[in-house]
Structure formats: structure tokens, C-alpha cells
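The values are calculated or read from the model by the stated rules, or taken from the named source; none is laboratory data. What you are looking at is a predicted structure, and each value in this text was computed from that prediction instead of being measured. Counting neighbours? That spans all protein chains shown, and the Cβs are built from the backbone with ideal geometry, glycine included.
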Amino acid sequence: MTPNQPEKKEYSRVDAYFRQNAEDIPVTFDPANWNALAAALDAAAGNPTKTLVHRPNRLGKCWWVSGVFLLALSGAWWIWQAPLNASAPDVHNEVGMLPFDSTELSTSNHKRLLQKTRVETLYRDSVDLNLPKSIPIELAPYHKEAFQKTKSDLVKAPSLSAEDSTLSNLTNASIDSAVSQQMEKLSAHDSLVTPPAKKKKHIFW
Amino acid sequence: MTAIPESILEGCRKKERRAQEQLYRHCYAPFLRLCLRYAECPADAADILNKAFFNILTKFDQFREEGNVLGWMKRIVIHAAVDYVRANRRFRYHSPMEVATDLPGASTADATLLENDLLALLRELPFTSSAVFNLFVVEGYSHREVGELLGISEANSKWHLHHARKLLQHKLQQTAAL
């Protein structure tokens, strides 16, 4: 017999007493406990995120902030451009320029627009040379068609006089040949003929 | 505790509120008695029971051991009670029983009532000693399991059991309950 055995035997009475009486603790059912549990179950079933740790929706907030920033930036750009547009001369209403039509900027009409620009350039050059504005220029059919595409009034080009040194050889020629010859003369001025350069896009826009 | 009817178990698997209430009522008394032995007061015991039942009812479909559902539920309740003990054992006021019985304000009738109350005896023990005594003596856990549950060593569990037994025996001998 080990020395601990009398102590175990002695304590076994304590253990037996608690084992017997542990089931005799008086208990009464309280409906409030079930109501609280049912409410917790309803909350967990209806909104599972309520039981989890609350995490702020930083992604949504980031979208809001970026959206507001872009709006503010575009607004600032518009405000900055407004006085420039007001002070700039109306290029499209200049004498000799065709009315601007935004539909011409489409890719399918780019070729036609380029051709029209060449005609405009030639006409502007003729104006710069102080040619009489009453000289009628007969345009080729496809040029007329291009002009009629615009919804504004057609620009009447000045007719050419026979004694004019610059365009004297064009009196009986069609506008096609005149254009081709003037293109050769103005080949040095490529910058005037080349299509408008594309606006350089920022890498982050 | 009587066996739980299969209709209640099937309803709980389908998360039917009526079956859940029947299961709660069926197991309320034995599980609340278990919680009362660990808790400081009846309100805390009800909280422990509700936390345990919340886990039971929300994870009821995960139970696969057919026929041992009561043991599975009891294990969850005991774990909830142990969580309560581990969270609150540092905040329990403890006065030695010898000093408590000698308080001048305690009347003889009140002292007799408390001494005969098993819960009062357990609540006068230190929190960890009371929990070790309950787990080892009443629930039947080994010292190794008690140590793992409470986060103490096996030797420490043995010391707490010895301390609890000594205090309880002294108290019971004083009241001549044994």
C-alpha cells in the first residue's frame, strides 16, 4: 500500500458526495434564455457578417475617392481651358476655312478630311498671295461632294485670273491638276499638309 | 438524460426553429447544471449555455457521429465553460474558507444554507481549482486532458485537485455533511 492510498480513500468520499449531488442542483427553465438564443440565431442567419469582425470597405472607399479626384481634375481642366477657348480666334469661321464638322473626325472619313485639308491649304495660300477673291475655281465633283457633306454654307473659292503668274497655267485645268501641281510646290511645307498630329496621351490617363 | 428523439435531430439538421427549441428545452436542465458548477453566478451560467447552444445549433449539420450526439453536445458545453474559466479566472475574488466562515456578519442559518449548497462550496474554491475538480471528478477527464483544456501543466492540475479536495473536505467535515 502506497502512502497516497489512505488519502485517496479519504478524498473518495468527497468525490462521491459531489458526483451524487451534482445532478440534484435545482434548475428551472427560463424562456428568456431561449428568446435570447433565438434572437442570436436569427441575427446570424439573416446577416452572417454581424457575427464576424467588422472590416471597413476600403475598396469601395478607394473607388469613391478616385472618382471624386477624377471629377475634380476634369472640372479643373475644363475651367482652365474655358478662358483659352474664349480668347482664341475662331479658326473655323475664318475666311477660306471650311466649317468644322465633328463627324469628319471618324476613322472612315479621315482620308476625305485629309484631302479637304489639302484643298483648304491651297486656298489659304492663294488668299495669302492677295489673289483677287472673285476668281472662280471650279472644283472637281468629288470635292464638291466633300463640301456638300458639311451642313453649313459652301465656301465659294475665288476664281483665278489668266494674268496671274502663280496660277496662270491653271485657267483651263481642272482643280485636280491644280492641286497636284500646287502639292509639288508646297512639298516643302509638309507641316501644313500633314494631318493634325495626335494628341499625346499621358501614360496614366 | 434521456435520448433525443430522431425527429428533433432531423429538424435541427434542417435548422428548423421549432426543433431547435425542443432540443434546447430537452437539454436545458442537465447542461445548465453543468454550467452552474463552473460559473460565478446563474446569469453567467446562462450565458455559457447560450454560447454553447449557439455553436451546437449553427454547426449541427457538421455532426457525423450518429448515436453520440449527447456526448458531442456535452463536449461543446464543457469547452464553453472552460473558455469562461480561462477568461475570468484572474478576476475572481477568493477568500480562504477558514476566514469566510469566521465572518462576524454571517448568521447561523445562512451559514448552514450555504454549507449545504454544493454550488456555494464550489464557488468558494479558487477558480482554477474548482474547474480542475469539476473536470477531473465530475466529468471524468484525466490530468493530461485537464491541463490541455485549462492551459496548465499536468502537475499543476494535480496540485489544484489536491488543493480543492482538501478545502472541500475541511468544509464538509465542519458541516458534518459526510
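Identify all residues within region B:1-53 that are under 21 Å from A:Gln20 (Cα atoms) and facing another protein chain (nearest Cβ under 7 Å); write none if there are none.
B:Tyr28, B:Ala29, B:Leu32, B:Arg33, B:Leu36, B:Arg37
Looking at B:His170, B:His163, can you tell me which residue is within 13 Å of chain A (Cβ to nearest Cβ), in a helix (DSSP H, G or I) and either in contact (Cβ under 8 Å) with a residue 60 or more places away in the chain or in contact with a His (Cβ under 9 Å, 6 or more places away or on another chain) (or both)?
B:His170
Considering only region B:94-137, state which residues are within 13 Å of chain A (Cβ to nearest Cβ) and at pLDDT below 90.
Once the filter is applied, which keeps residues that are within 13 Å of chain A (Cβ to nearest Cβ) and at pLDDT below 90, region B:94-137 yields B:Glu115, B:Asn116, B:Asp117, B:Leu118, B:Leu119, B:Ala120, B:Leu121, B:Leu122, B:Arg123, B:Leu125.
Out of all the residues in region B:138-160, which are hydrophobic (A, V, I, L, M, F, W, C) and either loosely packed, with under 15 Cβ neighbours inside 10 Å or more than 10 Å from chain A (Cβ to nearest Cβ) (or both)?
Hits for region B:138-160 are B:Val146, B:Leu149, B:Leu150, B:Ile152, B:Ala155, B:Trp159.
Which of the residues that make up region B:1-44 are out of contact with any Ser or Thr (no Cβ under 9 Å at 6 or more places or on another chain), under 16 Å from B:Asp61 (Cβ atoms) and part of a loop (DSSP other than H, G, I, E, B)?
Answer for region B:1-44, where residues must be out of contact with any Ser or Thr (no Cβ under 9 Å at 6 or more places or on another chain), under 16 Å from B:Asp61 (Cβ atoms) and part of a loop (DSSP other than H, G, I, E, B): B:Ile4, B:Lys14, B:Glu16.
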